[in-house]
Amino acid sequence: MAKNNIVTFGLRNVHYSLASTVDGETWTYATPVALPGAQEFSSQLIGGTTNVNADDTIVHQLVSNSGRTITLTLTELTDEFKKNILGYKETTEGNLVEITNAAPVTFALGFEIQGDVKARRVWYFLCTATPVSESTKTKGDSAEANAIQLTITARPIKINDDNYTSHVTAYKGDSNYDAFLESAPKLPSLKASSNE
């Protein structure tokens, strides 16, 4: 068995893949598109644990996992991402127009993180992004680059009758690792448990 990482670091190879569905349950994914300029990624669980108390003790815990809220910071957003995901439109003169009532677009978000032993690649399956805020400042004695922050919600997707997930992780050495971010995301096929 391969050793586990003690530390992880870095962020690169960010990709997105347009998702489509006919029934709201079965999803297919397009060929991934690179999203350059990634600086920082973080995710927060949507949900948590609630204790049920009785007889002066905790008798049960209710656990809720409704997906993740993701913050992705980039140096800039590509025009393709703005059009494909955020619903921007192009004018006949080539200008880019934000459409404030654009319908949310579902996509998968993938990226790579390094480790001291092995790197890992991740796909989040059912993502939607909120419109971005932008800011810039004048150049002083030294130039400081601007950054764009995306807020993304990754909701759970059904794997089979009993299981849902928000994301899947491939580690270096897994049979699908090399093509993991370049090929269309696929839902994981779970191994049968040893007691079945």
Taking θ = phi - 60°, what integer Hz values does the Karplus form 6.51 cos²θ - 1.76 cosθ + 1.60 yield along region 106-111, in sequence order, with x for Gly and Pro? 8, 8, 9, 10, x, 6
Mean residue ellipticity at 222 nm from the helices of the chain, using -39,500 (n - 2.57) per DSSP H segment of n ≥ 4 over the full residue count, to the nearest 500 deg cm²/dmol? -500 deg cm²/dmol
Ratio of Rg to Rh over the chain (Cα coordinates, Kirkwood Rh, two decimals): 1.03
Exposure proxy order (Cβ contacts within 10 Å, fewest to most) of 28, 153: 28, 153
Quick one: 3J(HN,Hα) in Hz for region 11-20, Karplus 6.51/-1.76/1.60 with θ = phi - 60°, rounded, Gly and Pro as x. 7, 7, 6, 6, 9, 10, 9, 5, 10, 9
Kindly write out, for region 77-83 in residue order, the coupling ³J(HN,Hα) from the Karplus curve 6.51 cos²θ - 1.76 cosθ + 1.60 (θ = phi - 60°), rounded to whole Hz, with x marking Gly and Pro. 9, 6, 4, 4, 5, 4, 6
Mind listing the long-range amide H neighbours of residue 88? Cut-off is under 5 Å, sequence gap 5 or more, other chains count too, H placed in the peptide plane at 1.01 Å from N. 83, 99
Evaluated at q = 0.12, 0.21 Å⁻¹: base-10 log I(q)/I(0), Debye formula over Cα of region 94-196: -0.64, -1.17
For residue 144 paired with residue 73, estimate the spin-label separation in nm (one decimal), with each label point 7 Å from Cα along the Cα-to-Cβ line. 1.2 nm
Give me the aspartates and glutamates in straight-line cross-link reach of residue 82: C-alpha distance below 14 Å, same-chain residues under 8 apart excluded. 90, 98, 134
Among 159, 99, 85, 70, which comes first, second and so on when ranked by fewest other beta-carbon atoms within 10 Å? 99, 159, 70, 85
Starting from the amide H of residue 150, placed 1.01 Å from N in the peptide plane, find each other amide H under 5 Å away whose residue is 5 or more places distant or on another chain. 72, 73, 74
By count of other Cβ within 10 Å, fewest leading, how are 118, 191 ordered? 191, 118
Spacing of the two label points (7 Å from each Cα toward its C-beta) at residue 163 and residue 184, in nm: 2.2 nm
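Coordinate-derived values only; no laboratory data. Quick caveat: nothing in here was measured; it's all calculated off a predicted structure. Positions of Cβ are backbone-derived with ideal geometry, glycine not excepted, and every protein chain shown enters the neighbour counts.
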